[in-house]
Amino acid sequence: MKPEPGSPTPEGAAVRISLHRAIKDASGSFQWQEIPDTVAAEVPLTLRVEGRAVAVVMRTPGHDRELAAGFLLTEGVIRSARDVFEISLCPSLARSADTVCSLPTDHTATPAPGDSIDILLTNQSAFDPDQLTRHVFTSSSCGICSKTSLTTAIPPDQVLTPGPEPLITGTVLAALPEKLRAAQPTFATTGGLHACAWFPAETLAAGTLPDGPSGPPRLLFEDVGRHNALDKLLGHALLTHQLPLTEGVLLLSGRISFELVQKAHAARITLIAAVGAPSSLAIEYAHAAGITLCGFVRENRLNVYTHPERVG
């Protein structure tokens with residue numbers, strides 16, 4: 001099973017540059033070389049809802065419609081694709097993946113302009129900009145942003161209840177990071193992107209696919225920002241009518257923050273795994289929401305922090 005459309009590396013996700021590299025020779029002296037290299041692109045995207053700018057997101061160009069849809073889903077502005085009337089991208093700067101540039105030395109220079117994406121809602125009268133929690137500027141490395149508490153108690157109908165059988169075995173779960181790395185096209189080139197992937201339950205049963213107990217992810221998105229990558233994945237699932245993503249595993253390439261768990265909960269994802277560590281607040285939220293949270297997932301070990309009954 002190959003990743004669905006939307007997963008390949010978009011144009012502009014990587015930028016070719018020229019840099020100076022120092023390499024120590026046999027005598028212990030550094031020798032300098034000017035060489036070409038490739039880095040992950042980071043460009044601002046202004047999100048406008050009903051003509052009002054609600055956020056500026058620093059992101060890797062590509063899959064911007066999905067990013068916008070996922071942002072609005074996880075911020076509670078929309079609940080399904082039916083709530084979106086139109087999403088339109090207004091590029092203000094043409095970029096190419098083959099553009100060659102030099103690393104800037106003047107850090108006071110004005111950054112190049114980015115893009116703007118406009119979202120029109122089916123019911124514009126229901127839009128309340130005050131409900132958005134990330135205002136004006138959102139960094140790609142942002143953590144909890146302006147969300148300062150766990151929010152109010154999670155309603156009982158929002159708590160995700162485990163089924164009678166485990167969702168995945170520990171052996172299969174431990175094999176997923178290798179599948180994720182093999183499917184990351186831009187990371188292999190730049191080494192500078194986060195990724196998130198969705199493995200549906202039907203691919204997680206041992207022996208169902210020729211390449212082992214689990215095939216490649218069905219959905220895969222990369223971005224310089226962890227939250228952006230997940231917004232893109234959830235936005236794609238929303239626009240292609242695949243929500244909720246209840247039966248399967250969300251795999252993250254880095255650590256697990258509170259906000260990532262909260263976003264996954266909006267899509268009713270029941271199991272989140274990552275190669276990195278979760279924060280204390282991420283564990284607390286996952287426990288309250290009924291989400292299984294796994295960290296430090298490696299080939300020979302993994303930690304299960306909440307609701308272990310989903311892991312056989």
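The values are calculated or read from the model by the stated rules, or taken from the named source; none is laboratory data. For clarity, every value in this text was computed on a predicted model and none was experimentally measured. All Cβ positions, even for glycine, are placed from backbone atoms using ideal geometry, and neighbour counts span all protein chains on display.
Contact annotation: residue pairs with Cβ atoms under 6 Å, 6 or more positions apart or on different chains, pairing a residue in segment 286-302 that is part of a strand (DSSP E or B) with a partner that is charged (D, E, K, R), are THR292/ARG310.
The residue of segment 204-223 that is modelled with the lowest pLDDT, among those that are surrounded by fewer than 21 Cβ atoms within 10 Å (Cβ to Cβ) and outside any loop (DSSP other than H, G, I, E, B), is LEU209. Does LEU234 fit the bill of being part of a helix (DSSP H, G or I) and not small (Gly, Ala, Ser)? Yes; evaluated as a whole, the condition is true for this residue. Just a yes or no: is a residue in segment 224-231 in contact with a helix residue (DSSP H, G or I) (Cβ under 6 Å, 6 or more places away or on another chain) and either among the basic types (Lys, Arg) or not in a helix (DSSP H, G or I) (or both)? No, there is no match, as no residue in segment 224-231 is in contact with a helix residue (DSSP H, G or I) (Cβ under 6 Å, 6 or more places away or on another chain) and either among the basic types (Lys, Arg) or not in a helix (DSSP H, G or I) (or both).
Considering only segment 165-182, state which residues are outside any helix (DSSP H, G or I) and surrounded by fewer than 21 Cβ atoms within 10 Å (Cβ to Cβ).
GLU165, PRO166, THR169
Of the residues THR246, THR292, THR240, the single one that is β-branched (Val, Ile, Thr) and surrounded by 17 or more Cβ atoms within 10 Å (Cβ to Cβ) is THR292.
Among the residues of segment 40-79, write down those that are in a helix (DSSP H, G or I) and hydrophobic (A, V, I, L, M, F, W, C).
Within segment 40-79, the subset in a helix (DSSP H, G or I) is 64-74.
Those that are in a helix (DSSP H, G or I) and hydrophobic (A, V, I, L, M, F, W, C): LEU67, ALA68, ALA69, PHE71, LEU72, LEU73.
All conditions in (1) in contact with a Phe, Trp or Tyr (Cβ under 6 Å, 6 or more places away or on another chain); (2) free of Cβ contacts under 8 Å to residues at least 24 places away in the same chain hold for LEU281, with the sole exception of (2).
Within segment 80-91, work out how many residues are assigned to a strand (DSSP E or B) and among the polar types (S, T, N, Q). Don't jump to the end; show me each part of the working.
Taking segment 80-91 first, the residues assigned to a strand (DSSP E or B) are 84-91.
Add one more test, that the residue is among the polar types (S, T, N, Q), and what stays is 88.
Selection size over segment 80-91: 1.
Yes or no: ARG255 of a type in the set (D, E, K, R), within 27 Å of ARG79 (Cβ to Cβ) and touching a Ser or Thr at 6+ places or on another chain (Cβ under 8 Å)? It is false that ARG255 is of a type in the set (D, E, K, R), within 27 Å of ARG79 (Cβ to Cβ) and touching a Ser or Thr at 6+ places or on another chain (Cβ under 8 Å). The set of residues in segment 246-268 being in a loop (DSSP other than H, G, I, E, B) and modelled with pLDDT of 95 or more consists of ALA267, ARG268. Among the residues making up segment 29-85, those that are modelled with pLDDT under 90, among the charged types (D, E, K, R) and touching a strand residue (DSSP E or B) at 6+ places or on another chain (Cβ under 9 Å) are GLU34, ASP37, GLU42, ARG59, GLU75.
Out of the residues in segment 160-179 that are among the polar types (S, T, N, Q) and touching a Pro at 6+ places or on another chain (Cβ under 9 Å), state the one that is nearest to VAL275 (Cα to Cα).
Looking only at segment 160-179, we keep the residues that are among the polar types (S, T, N, Q), and these are 161, 169, 171.
The next check asks that each one be touching a Pro at 6+ places or on another chain (Cβ under 9 Å); those that pass are 169, 171.
On the way: THR169: 17, THR171: 15 Å.
In this case the residue turns out to be THR171.
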